[in-house]
Amino acid sequence: MRLILAGMNKVRMIPLFAASIFLMGCAAQPGKVVGHCAMPTDRILSRIDLKQMMDEISSEVCQVAGGVAPDHYRSSHPLLVPDVVDVQSYQPHAFGLAASEIFRESLHRNCRTPIKQVEMARDFSLTPDGLMALSRDSSVLREQSAALPVAMVATYSLAPDRLTVVARAVRITDSVITHMASREVQWRCTPLLTGETDITFMMK
């Protein structure tokens, strides 16, 4: 019996040793970045909790304290809210359009004020010094500034492992940014034995 058991132990050790070498080889593959996601970016973005992100951002730009916005927001004057756009291309793309709807709803709820949708590319422009309400129709915006004094403008930027969203409260009369808020979401991918990918998100 001793010989048989010893032989069985030796046989079992061989595949275990071979498996350990295989796993070590996989972990040390050149060119592989730990935590890198091979999944398409749009699929990663679709798993982000946009409602939580936009609720936190809108609460800050609306200056919500104790669940109540300041009097200058809680009025019948609507806020101008363009689509959320990519800071590089100046286009909303699929993510920006989805974020825009949630952002407007969250602003309406937190600022306690009506929302007026406007076109980002037509009515606003970005400069190295910040966002300015300058465009071919800026005179129209300024004429309406007595009734529509504030615009809530949000942009986003993408990196291989993170998304950053920045929102600004812009006073239309002089293009001054009165409040800003931002959130960054980082992600890390872990391949599972089932062939699927587990994504871990961290928002700050």
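Computed values, structure above
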item: Within region 145-181, tally of residues that are buried (at least 18 other Cβ atoms within 10 Å of the Cβ) and among the polar types (S, T, N, Q); result: 2
item: Residue pairs meeting the criteria (Cβ under 7 Å; at least 6 apart or on separate chains; first farther than 14 Å from residue 79 by Cα and in contact (Cβ under 8 Å) with a residue 60 or more places away in the chain, in region 159-184; second surrounded by 15 or more Cβ atoms within 10 Å (Cβ to Cβ) and basic (Lys, Arg)); result: 165/183; 180/168
item: Scan of region 44-54 for residues that are surrounded by fewer than 19 Cβ atoms within 10 Å (Cβ to Cβ) and either closer than 20 Å to residue 179 by Cα or outside the structural domain of residue 113 (by TED's automatic domain parsing) (or both), ordered by number; result: 52
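The values are calculated or read from the model by the stated rules, or taken from the named source; none is laboratory data. If you're wondering where the values come from, they're calculated on a predicted model, not measured in any experiment. Quick reminder, even Gly has a Cβ in these numbers, built from the backbone with ideal geometry, and neighbours come from all protein chains shown.
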